[in-house]
Structures are given as structure tokens and as C-alpha cells.
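Reading through the C-alpha cells given below for one structure.
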Amino acid sequence: MPVPQRLPLETFVVLCGMPRCGTRQFADFLNAHPRLCLQGEIRSALVGTIRATLEVGDRAYASGYAASYYRQKRAQGAIDLFALLSKAKRLTKPGADIHGFKCPQMERQSAAIAAIARPAFRRLAWLHCVRNPADCWLSLKAMPWFSDGMDQFVERYCNSLDQARAIADARSPHDLAPDGLETAISPLDLDAFIAAANKPAWLGRHLFAPLGVVASEEELARFVATVDNRNATERATGSARAKLLCSEDHAAMACHATRLGTAIAAYNARFGTALALRLPLAEAA
């Protein structure tokens, strides 16, 4: 009997985007499903370490009888390395067949992630979290670890949108070689989720469907009712964050309106989202 070239682990998931845009909450929703197992955040520099480690194995077992056994183990090996090097507790779900991790701004490491996934997985699924820049800024500013100024924030925010579009435009599935890696990216607009009248239906369409995972109405309703937003700003800091921009922040963000508007318009055109540049001024309110 021939040795299978791949495990049933077909899809590797990366949940990314700017910090404070729902990466933790969406990861918790996914992990509530028995088929999904996403590990926690990893330090960016360690992605290169994982890639280098696996590439040593790829070269060592490029051919011969040992290569078949290596390829059988490689997908699980990649998953184990992300679990090992994650900053969070390892999540173990023996019945899960879709694995990955959540980490803000991991879209910056798209080439390294693709190199890690390509020899072992058939599909690389990116989920890109976004929200309007004002609320993203206000939530980040409330964090004690955040030290960026407005210029740095705007550049990181716009780069995140641009990099998501680059992943989407990099290669069409129709152009892939038979042994290539199918890559797809889907947006997760936190503003749209918060505003959704039917949150279970929104999750089914925007979070689970892009991964090919079917969840019943009852399951989705249970996820919404039981998954706690444990990384909400008030819970993370002990106090509610500002909802409106102070005059200084309003003026600073308004100076970048052209850059922000261009990046947001291009993102909306590519993904069909309704992301908007809103500048709510505290003094005006």
C-alpha cells in the first residue's frame, strides 16, 4: 500500500490584523467549534526560527523512503512548533482537523508562513481582522504597553490593510501547480460584527464559512451566548476606554486622512467591506 503524502490536516489558519481589532474574540469563537484549534500569539521573530527548522528537515528528507514518513509528520510538526513557541498555554483538541494560530500583524510574515505551510498543507487560510482607525487607536492607546505615536500607528494600520490586499492578489488558485498551496484571505470587520443584528448568522457567514466549516444555528447562538470577550479593553485595563478622540488626537489623525482614506478605499474595493474613516471629536460631542 502506498504511503499517503498528506495527513487529513488540509488547512492551516492564520488569524491576523491590527491589535485590538477582535483577534482574541474571533479566535475564541473559532476554538469553540470542535473542528478548530488555534494556538495563541507568537513572537514575530520566532516565525523565522520555525521556518528555518522545518527547511532543515525538508532538505534532509527531500527524497527516499524517509521522505514519505517525514511528509506524514510535517504538518503536525509545524502545528507543534507554533504551540511550543506560543506565548499562551497550549490548546489541545484531539478531534480537531483544522489548526493554526492567532497573532496580530502576522500578515507581515506572509512569505514565511507560506513557506512553513506549503509542503504540508493544501490550503492556507488567512482571516484578517479590521475596525475603523479611530476605535482601533483609542483601544490601543488605553493599553499600558502601547507606546506608538499617531504617525507610527497610521503607518502600521495602513500597512496592515495593504498587506492583506497583497496576500489576496498574490496568486489566483487557478494558477497554482498541482502540488501548490491554495491561499485565501477573508476580512473580519469588528465594526460590522458589533453592529450585526443577527450575530450568530454573521459569524456563520464571515468567520466559519471561509474555512469550509459548517455550524448549525444552535451552535452559533451558543457560541455568541457563551464565548466571553475576555480581551475587551475594560477587562484588560480595569477601566473603560475613551469613545471619542481628544482634540489633539483628532487633529493628528486628520493630518493622515488622505493616507487612511486611500488605504481604506482600496481595502473596501478588494474585499467588499464597509470600513470607514470616522473622526469622532470629544469636544464636538
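So here's what we get for this one:
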item: Residues within the stretch 199-225 that are under 19 Å from LEU38 (Cα atoms) and not in a helix (DSSP H, G or I), tallied; result: 4
item: Single condition PHE193 does not satisfy, out of (1) out of contact with any Asp or Glu (no Cβ under 9 Å at 6 or more places or on another chain); (2) under 27 Å from ALA45 (Cα atoms); (3) buried (at least 19 other Cβ atoms within 10 Å of the Cβ); (4) touching a residue at least 60 places away in the same chain (Cβ under 8 Å); result: (2)
item: Residue in the stretch 103-110 that is buried (at least 23 other Cβ atoms within 10 Å of the Cβ), within 24 Å of LEU203 (Cβ to Cβ) and acidic (Asp, Glu) present; result: yes
item: Selected residue (criterion: farthest from PHE121 (Cα to Cα)) from residues of the stretch 54-65 that are among the hydroxyl-bearing types (Ser, Thr, Tyr) and surrounded by fewer than 12 Cβ atoms within 10 Å (Cβ to Cβ); result: TYR65
item: Test for PHE146: is it of a type outside the set (Lys, Arg), more than 23 Å from LEU38 (Cβ to Cβ) and out of contact with any His (no Cβ under 8 Å at 6 or more places or on another chain); result: yes
item: When residues of the stretch 89-102 are limited to those that are touching a residue at least 40 places away in the same chain (Cβ under 8 Å) and surrounded by fewer than 16 Cβ atoms within 10 Å (Cβ to Cβ), the one farthest from GLU10 (Cα to Cα); result: LYS89
item: Condition check for SER186: modelled with pLDDT of 95 or more, out of contact with any Lys or Arg (no Cβ under 9 Å at 6 or more places or on another chain) and of a type in the set (Ser, Thr, Tyr); result: yes
item: Close pairs (7 angstrom Cβ cut-off, 6 or more residues apart or separate chains): modelled with pLDDT under 95 in the stretch 149-174, among the polar types (S, T, N, Q) and surrounded by 17 or more Cβ atoms within 10 Å (Cβ to Cβ) anywhere; result: ALA170/THR183; ARG171/THR183
item: Residue within the stretch 220-232 that is farther than 25 Å from PHE146 by Cα, surrounded by 14 or more Cβ atoms within 10 Å (Cβ to Cβ), of a type in the set (D, E, K, R) and at pLDDT below 95 present; result: no
item: Failed criterion for PHE146 (all others in (1) touching a Lys or Arg at 6+ places or on another chain (Cβ under 8 Å); (2) at pLDDT below 95 hold); result: (1)
item: Positions within the stretch 89-140 being of a type in the set (A, V, I, L, M, F, W, C), farther than 30 Å from ALA252 by Cα and not in a helix (DSSP H, G or I), in sequence order; result: LEU91, ALA96, ILE98, PHE101, ALA120, PHE121, LEU124, ALA125, TRP126
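Yes/no matrix, rows are residues, columns are (1) part of a helix (DSSP H, G or I); (2) at pLDDT 95 or above; (3) in contact with a strand residue (DSSP E or B) (Cβ under 9 Å, 6 or more places away or on another chain):
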site: LEU15; (1), (2), (3): no, yes, yes
site: CYS21; (1), (2), (3): no, yes, yes
site: ALA27; (1), (2), (3): yes, yes, yes
site: VAL47; (1), (2), (3): yes, yes, no
site: THR53; (1), (2), (3): yes, yes, no
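Yes/no per residue for (1) buried (at least 20 other Cβ atoms within 10 Å of the Cβ); (2) under 20 Å from MET106 (Cα atoms); (3) of a type outside the set (Phe, Trp, Tyr); (4) more than 16 Å from the chain's Cα centre (by Cα):
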{"site": "ALA27", "(1), (2), (3), (4)": "yes, yes, yes, no"}
{"site": "LEU30", "(1), (2), (3), (4)": "yes, yes, yes, no"}
{"site": "PRO34", "(1), (2), (3), (4)": "no, no, yes, yes"}
{"site": "CYS37", "(1), (2), (3), (4)": "yes, yes, yes, no"}
{"site": "VAL47", "(1), (2), (3), (4)": "yes, yes, yes, no"}
{"site": "ALA52", "(1), (2), (3), (4)": "no, yes, yes, yes"}
{"site": "ARG71", "(1), (2), (3), (4)": "no, no, yes, yes"}
{"site": "PHE82", "(1), (2), (3), (4)": "yes, yes, no, no"}
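The values are calculated or read from the model by the stated rules, or taken from the named source; none is laboratory data. As the structure is a prediction and not an experimental result, all values here were calculated from the model. When we count neighbours, we look across all protein chains shown, and the Cβ atoms used for this are built from the backbone with ideal geometry, even at glycine.
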